[in-house]
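Student: Provided herewith is a single structure, encoded as structure tokens, for subsequent inquiry.
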Amino acid sequence: MQLKPPFRKIIHVDMDAYYASVAQLDNPELKGKPIAVGGGGDRGVVSAASYEARRFGVKSAMSNVLAKKKCPHIVFVKTDFARYKEFTSKIRAIFYEYTDLVEPLSLDEAYLDVTENKKGNPSANDIAREIRQRIFEETGLRASAGISINKFIAKVASDINKPNGQKTVHPEEVIRFLEELPVHKFYGVGKVTAGKMYNLGIFTGNDLKRKSLEELVAFFGKTGTHYFNIVRGIHNSPVKPDRIRKSIAAERTFKENISSEIFMIERLNNIADELEKRMINNQTKGKTITIKIKYSDFTQQTRSKTTPFFMQSKKEFFPLVKELVYQEKLKNSVRLLGISFGNLDTEKTAPFWVQLKFNF
């Protein structure tokens with residue numbers, strides 16, 4: 001099967017070890033050293049790791065204790081979101097010099113549609129290289145990029161030549177690229193899903209392609225349709241500027257485990273203060289309140305309640321938080337608590353974007 005034009009030109013820009021690289025940029029003595037961002041307490045987890053730390057097997061979401069075991073000389077540094085946002089503003093300003101079709105995914109990555117661009121440059125590959133060079137010249141930070149006909153392939157491609165590299169998958173290369181790709185490298189396929197695929201004899205995109213739509217839906221539910229399409233290069237989601245935020249949250253990991261609901265309420269009270277500030281700062285209200293509980297054995301549970309009206313102030317939502325705490329008994333001692341708002345009032349004002357397609 002060959003894909004037919006017209007094709008979009010999509011770039012996925014992904015900063016290299018962003019938080020760790022900012023720390024090394026601000027503290028030259030850290031350059032070349034294995035560092036982990038997130039603080040060094042035994043109760044914490046690694047938010048990000050430098051490439052030097054990754055060589056020892058240190059990765060994000062790993063406990064600090066395990067990170068120290070893997071790399072005894074690792075250096076822990078605190079997060080500095082104000083600084084990250086400062087750099088992100090500069091980086092996004094560069095993006096907007098090339099196109100208005102920019103969809104941020106987080107502080108350190110974004111999609112750009114450069115099918116038609118402000119520079120009039122027909123080569124998406126050249127644009128990506130120029131953007132990466134400008135990011136380095138203006139911030140001192142490195143970025144990698146993936147370039148292809150849709151967001152899915154561009155994101156997968158951006159990881160191939162990291163760090164400080166880029167990969168272009170041209171239209172005529174898309175099918176072969178996807179067929180040869182190991183399934184664990186498909187964006188959105190985590191360890192659990194990859195394990196299920198391995199048990200079904202699916203190790204590459206070509207193996208995945210041999211499964212019928214009916215089989216994939218039977219194995220993976222609605223997501224099976226997604227897998228059926230993406231392995232054939234079908235992914236028509238446009239780059240969406242002004243991406244609408246779906247939720248706002250605040251959470252904390254504790255130095256000592258919590259073993260009673262009374263102590264949970266005390267900690268959640270402080271977390272609610274932070275959440276209220278974030279809701280006000282974002283000029284946002286929500287209808288669905290959720291508490292997140294991570295137990296000492298690292299199992300996780302969420303409990304939610306939706307109201308018919310929008311809430312923003314702690315006075316309004318904290319009684320519901322208490323109600324959710326006592327909804328059922330604790331399964332174990334607790335190491336992390338969080339509160340989030342979903343079903344936000346921003347979702348009802350989501351803009352409708354029409355995106356044109358042009359030849360690649």
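The values are calculated or read from the model by the stated rules, or taken from the named source; none is laboratory data. Values in this document were obtained by computation on a predicted structure and should not be read as measured data. Neighbour counts run over all protein chains shown; Cβ positions are idealised from the backbone, glycine included.
Student: Kindly indicate whether Leu141 is modelled with pLDDT of 95 or more and either surrounded by fewer than 22 Cβ atoms within 10 Å (Cβ to Cβ) or under 28 Å from Gly205 (Cα atoms) (or both). First the steps, then the outcome.
Tutor: Values: modelled with pLDDT of 95 or more: yes; either surrounded by fewer than 22 Cβ atoms within 10 Å (Cβ to Cβ) or under 28 Å from Gly205 (Cα atoms) (or both): yes.
Yes: the conditions hold for Leu141.
Student: Given the structure, is Val239 β-branched (Val, Ile, Thr), within 30 Å of Pro5 (Cβ to Cβ) and within 21 Å of the chain's Cα centre (by Cα)?
Tutor: Working: β-branched (Val, Ile, Thr): yes; within 30 Å of Pro5 (Cβ to Cβ): yes; within 21 Å of the chain's Cα centre (by Cα): yes.
So Val239 passes the test.
Student: For the stretch 290-339, enumerate the residues that are in a strand (DSSP E or B), surrounded by fewer than 19 Cβ atoms within 10 Å (Cβ to Cβ) and among the hydroxyl-bearing types (Ser, Thr, Tyr).
Tutor: Result: Tyr295, Thr302, Ser304, Thr306, Thr307.
Student: Among the numbered criteria (1) without any contact (Cβ under 8 Å) to a residue 12 or more places away in the chain; (2) within 30 Å of Ile94 (Cβ to Cβ), which one does Glu214 miss?
Tutor: Failing condition for Glu214: (2).
Student: Then there is this: Please count how many residues of the stretch 9-30 are closer than 30 Å to Asp126 by Cβ and charged (D, E, K, R). It would help to see each step written out before you state the result.
Tutor: Narrowing the stretch 9-30 to residues closer than 30 Å to Asp126 by Cβ: 9-22, 24-25.
Next cut, charged (D, E, K, R) only: 9, 14, 16.
Residues flagged as closer than 30 Å to Asp126 by Cβ and charged (D, E, K, R) within the stretch 9-30 amount to 3.
Student: Could you identify the single residue in Val65, Val75 that is touching a strand residue (DSSP E or B) at 6+ places or on another chain (Cβ under 9 Å), of a type in the set (A, V, I, L, M) and farther than 15 Å from Ile147 by Cβ?
Tutor: Working: Val65 fails: touching a strand residue (DSSP E or B) at 6+ places or on another chain (Cβ under 9 Å).
Result: Val75 is the single residue among Val65, Val75 that is touching a strand residue (DSSP E or B) at 6+ places or on another chain (Cβ under 9 Å), of a type in the set (A, V, I, L, M) and farther than 15 Å from Ile147 by Cβ.
Student: Need a quick list: strands (runs of 3 or more DSSP E) entirely within the stretch 66-119 having at least 3 residues that are within 16 Å of the chain's Cα centre (by Cα).
Tutor: Numbers: elements: 75-77, 102-106, 109-113.
Passing ranges, in order: 102-106, 109-113.
Student: Any idea which of Ile262, Ile271 is within 30 Å of Ser63 (Cα to Cα), in contact with an Asp or Glu (Cβ under 7 Å, 6 or more places away or on another chain), part of a helix (DSSP H, G or I) and not assigned by TED's automatic domain parsing to the domain that holds Glu103?
Tutor: Working: Ile262 fails: in contact with an Asp or Glu (Cβ under 7 Å, 6 or more places away or on another chain).
Result: Ile271 is the single residue among Ile262, Ile271 that is within 30 Å of Ser63 (Cα to Cα), in contact with an Asp or Glu (Cβ under 7 Å, 6 or more places away or on another chain), part of a helix (DSSP H, G or I) and not assigned by TED's automatic domain parsing to the domain that holds Glu103.
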